[in-house]
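Asker: Mind having a look at this structure? Questions to follow.
Only the coordinates and a few stated rules stand behind these numbers; no lab work does. As the structure is a prediction and not an experimental result, all values here were calculated from the model. Counting neighbours? That spans all protein chains shown, and the Cβs are built from the backbone with ideal geometry, glycine included.
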Amino acid sequence: MPVTAKLSRAFYDRFGDELTNELVEWFNQVDATYRLEFRDLFETNFARFDAKLEQRIAELRAELREEMAELRSELQSELRSGLAGVEGRLLARIGVVEGRFGTLEGRLVRWMFLFWAASLGTSIALIQLSR
C-alpha cells in the first residue's frame, strides 16, 4: 500500500503545480523503490533465518537421538547387570534349598530304614510267637 506524499498549498503556490507534482512523484517513486528493496531484503533475511532454523532443528534432533541412544544403552547395561545380580542370588538360594532337600532326603531315608527294620523285626517276632 503506497503512501502518497502531499505538500501544503503554500508549497504549490510558491513553486508551481508542475514542479511540486514532479517532486511529489519523485518522493512516491523513491518510497516505492525503498519498499521493494526492503521487501526483498526481508524475504532474503527470512529465508536465511528459516534455513538456519531448519539446520538447528536438525542438529537438535540428531543430538536428541544420540542422547536417547546413549541413555537406552546405559539403561540396558544397568538392567542386565541388575538381572545378573538377581540371577546370582536366585541360584544361590536354589542351591541352599537343594542342599536342605538333600539333608531332608537323607533323614527321610534313615527314618524309612529304621521303620522298615522295626516293622521287619516286629513281623519276625510275631511269626516266631505264633509258631
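Asker: Looking at ALA47, ALA58, which one is surrounded by 10 or more Cβ atoms within 10 Å (Cβ to Cβ), over 23 Å from the mean Cα position of the chain (by Cα) and either in a helix (DSSP H, G or I) or touching a residue at least 24 places away in the same chain (Cβ under 8 Å) (or both)? Steps first, please.
Answerer: Values: ALA58 fails: over 23 Å from the mean Cα position of the chain (by Cα).
Of the residues listed, the single one that is surrounded by 10 or more Cβ atoms within 10 Å (Cβ to Cβ), over 23 Å from the mean Cα position of the chain (by Cα) and either in a helix (DSSP H, G or I) or touching a residue at least 24 places away in the same chain (Cβ under 8 Å) (or both) is ALA47.
Asker: Here are PHE11, PHE49: which of them is aromatic (Phe, Trp, Tyr) and in contact with a helix residue (DSSP H, G or I) (Cβ under 8 Å, 6 or more places away or on another chain)? Talk me through it step by step, then tell me what you get.
Answerer: Numbers: PHE49 fails: in contact with a helix residue (DSSP H, G or I) (Cβ under 8 Å, 6 or more places away or on another chain).
So the residue among PHE11, PHE49 that is aromatic (Phe, Trp, Tyr) and in contact with a helix residue (DSSP H, G or I) (Cβ under 8 Å, 6 or more places away or on another chain) is PHE11.
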